């Protein structure tokens, strides 16, 4: 009972410091007397006061003790058992009823209670000097929860975390100069340790009596639990089971962990949390606050009166113009309103500090065939300079589990994982799929390849969070997921990834790649397999770019936010219903073949085309799993040279033996392209004009005849191969 009272009395409270009198030196004790066994004690014994002790003093032995100086004070710990009463100590008043006897909601009271010191109990300033940030609660939490700190981390706080804390408490706020701002946006690359920074800041704010309650808002249920577990490690007890039917948190908790969707459903419940106590609200991955208009409005209603708000994100930008709650926007030189980040820690600096792994991308292209909704059979090389529509359809065909492209890439990825596990035995792989059907199909393919059971994580399954945790703690090879593992979920042993989804926004790509960059030991690298799609390659080449969220779009910019393209997309959506009535067929993937294209690292490209399963591809799949960042570039250069030698030897042997190289349909490599799509169109139009003058036929009839003979869509949607076929037909006719 006393143990529960002591733990309850340690909870931070604004009046705790004044209500707990300081106890003088204990002085000499006549005789300790016999000490009872440490079993249950009926009475807590005579104690001067059950209030919170400001600076307790340890006693070396039960005999006569000398006065202990204030400089030797230590933080109080939970009381294990009460000592026997001393003869010279006057009796104390009856103790109050323990906090444990307060009736609680059964569903709410079943949450675990962490047995840790309260974060507010930290060393008091000595001679007016505040202790450094590593001297109080959260000191023993790894800088990158849940795994230990990476190599070379001498202090418990990483350099960026200490730097951000110094910046926070150096800013002015509602409590005065140097007391910290009300809102603070910290953007740190995935895997850098945002959780540790946030909990350290929360501990310090509670220690300084700035806040009494902590509220964490996370994107998913799994992350909610993950936050509660991390907080328990530093003595902050968060209730991840708090629901909208509860008016207030249970008294044994310092706060709650909720989801953005939970707040959106009943904002008034969460508003009451900030009104009943001085509250720090931690908005994890705060860009989710703009996912829906109702979410943003609910967050503003619930937390507009919070004492402090800490905004966290690994990607503090969005692919749309929805405003993010509590983020400040300032116009740039063009008048475009951009988000303002208080502290930013990007991938480039994190890589230099050894906080994250170097990531290199293995790019795979291939030959794709499909039937359009209009009934036309199309063929294109994935990665050619095609139109957006052709690229999208070819990409979709490549990801079809019934084709040959995705099985070939998964086989190469499994071979790469085997190589990595030679030096990192528990290394795992993750396949990010577009939908649940594809995820299950990919898992079946991987089980045939690896011979091991594959973990499948679907967001709508109740046991999804448990599967992620089991995989994270285990040593199995592969996990396949749709979207649940793309953001915030920590599985530090992931070292090989396959990006098998059609999502191409900068936000999703950055979060997905962030699952593989968390460093655990010196020299670990990450390998991600990508389809040869221009949007993805551009994002892979901009891993180190710092982005800001824009509320306005630049109509002059040549990017995916072009205003003219927005109008075209809107028009196409309006015509979708009428187009559907005219379509007699459905899209159907007819076949796909894969070949290795190149490796991308640090904005550079290495290697050349290779058939999967050959020694030319093996040069890059067999890269060691442990490399220093500066060694990766040297190894890739060496492997590219060796691959070129292998190819020259193979081609010379084929030429000597009179063997023709296999065609693309037989698994061979495509012929090199000497013209871009724009040049092909110009050449075709020139040829059509020449033939039209010779034959006297209109240009439109010539184009229609070429489509009838060669097949394929109109010139604006035709691939390089289809345009070349029409050019060849015209050349024969012009010469004749």
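Touching a helix residue (DSSP H, G or I) at 6+ places or on another chain (Cβ under 6 Å), buried (at least 17 other Cβ atoms within 10 Å of the Cβ), within 30 Å of residue 182 (Cβ to Cβ) and in contact (Cβ under 8 Å) with a residue 60 or more places away in the chain: which single residue out of 364, 345 fits that description?
345
Each row is one residue, and each column tells you yes or no for (1) at pLDDT below 50; (2) closer than 30 Å to residue 375 by Cα; (3) surrounded by 15 or more Cβ atoms within 10 Å (Cβ to Cβ); (4) touching a strand residue (DSSP E or B) at 6+ places or on another chain (Cβ under 9 Å).
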| site | (1), (2), (3), (4) |
| --- | --- |
| 530 | no, yes, yes, yes |
| 543 | no, no, yes, yes |
| 563 | yes, no, no, no |
| 578 | yes, yes, no, no |
| 581 | yes, yes, no, no |
| 584 | no, yes, no, no |
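In the stretch 186-207, which residues are in a helix (DSSP H, G or I) and closer than 8 Å to residue 314 by Cβ?
Within the stretch 186-207, just 194 meets the criteria.
Restricting attention to the stretch 626-638, and to residues there that are surrounded by 17 or more Cβ atoms within 10 Å (Cβ to Cβ) and touching a strand residue (DSSP E or B) at 6+ places or on another chain (Cβ under 7 Å), which single residue is farthest from residue 611 (Cα to Cα)?
Among them, the one singled out is 632.
Check off (1) assigned to a helix (DSSP H, G or I); (2) modelled with pLDDT of 85 or more for residue 613 and give me the number that stays unchecked.
(1)
Just name the residue that is surrounded by the most Cβ atoms within 10 Å (Cβ to Cβ) out of those in the stretch 182-226 that are without any contact (Cβ under 8 Å) to a residue 60 or more places away in the chain and over 22 Å from residue 344 (Cβ atoms).
Once the filter is applied, the top-ranked residue is 224.
Consider residue 414 against the criteria (1) touching a helix residue (DSSP H, G or I) at 6+ places or on another chain (Cβ under 7 Å); (2) closer than 30 Å to residue 183 by Cα: it satisfies all of them except one. Which criterion is unmet?
It is condition (2) that residue 414 fails.
Give me the residue from the stretch 677-710 that is within 17 Å of residue 390 (Cβ to Cβ) and modelled with pLDDT of 85 or more and, out of that set, surrounded by the most Cβ atoms within 10 Å (Cβ to Cβ).
Filtering the stretch 677-710 for residues that are within 17 Å of residue 390 (Cβ to Cβ) and modelled with pLDDT of 85 or more, the one surrounded by the most Cβ atoms within 10 Å (Cβ to Cβ) comes out as 684.
Confirm whether residue 291 is surrounded by fewer than 23 Cβ atoms within 10 Å (Cβ to Cβ) and either modelled with pLDDT under 95 or within 23 Å of the chain's Cα centre (by Cα) (or both).
Yes.
Does residue 519 meet the test of being closer than 26 Å to residue 623 by Cα, crowded, with 21+ Cβ neighbours inside 10 Å and modelled with pLDDT under 90?
It is true that residue 519 is closer than 26 Å to residue 623 by Cα, crowded, with 21+ Cβ neighbours inside 10 Å and modelled with pLDDT under 90.
Going through the stretch 356-385 one residue at a time, which ones are farther than 16 Å from residue 598 by Cβ and outside any strand (DSSP E or B)?
Scanning the stretch 356-385 gives 357, 358, 372, 373, 374, 375, 376.
Taking residue 467, is it in a helix (DSSP H, G or I), in contact with a strand residue (DSSP E or B) (Cβ under 9 Å, 6 or more places away or on another chain) and at pLDDT below 90?
yes
Taking the stretch 318-355 as the search range and keeping residues that are at pLDDT 90 or above and outside any loop (DSSP other than H, G, I, E, B), which one is farthest from the chain's Cα centre (by Cα)?
That would be 343.
Which of the residues that make up the stretch 228-254 are under 17 Å from residue 272 (Cα atoms), touching a strand residue (DSSP E or B) at 6+ places or on another chain (Cβ under 6 Å) and assigned to a loop (DSSP other than H, G, I, E, B)?
Scanning the stretch 228-254 gives 242, 249, 253, 254.
Do we have residue 300 as under 21 Å from residue 174 (Cα atoms), surrounded by fewer than 24 Cβ atoms within 10 Å (Cβ to Cβ) and without any contact (Cβ under 8 Å) to a residue 40 or more places away in the chain here?
In short, yes.
Test residue 448 against the stated conditions and say whether it is surrounded by fewer than 22 Cβ atoms within 10 Å (Cβ to Cβ), more than 21 Å from residue 539 (Cβ to Cβ) and assigned by TED's automatic domain parsing to the domain that holds residue 533.
yes
The values are calculated or read from the model by the stated rules, or taken from the named source; none is laboratory data. Note that the structure is predicted; figures quoted are calculated from it, not measured. Positions of Cβ are backbone-derived with ideal geometry, glycine not excepted, and every protein chain shown enters the neighbour counts.
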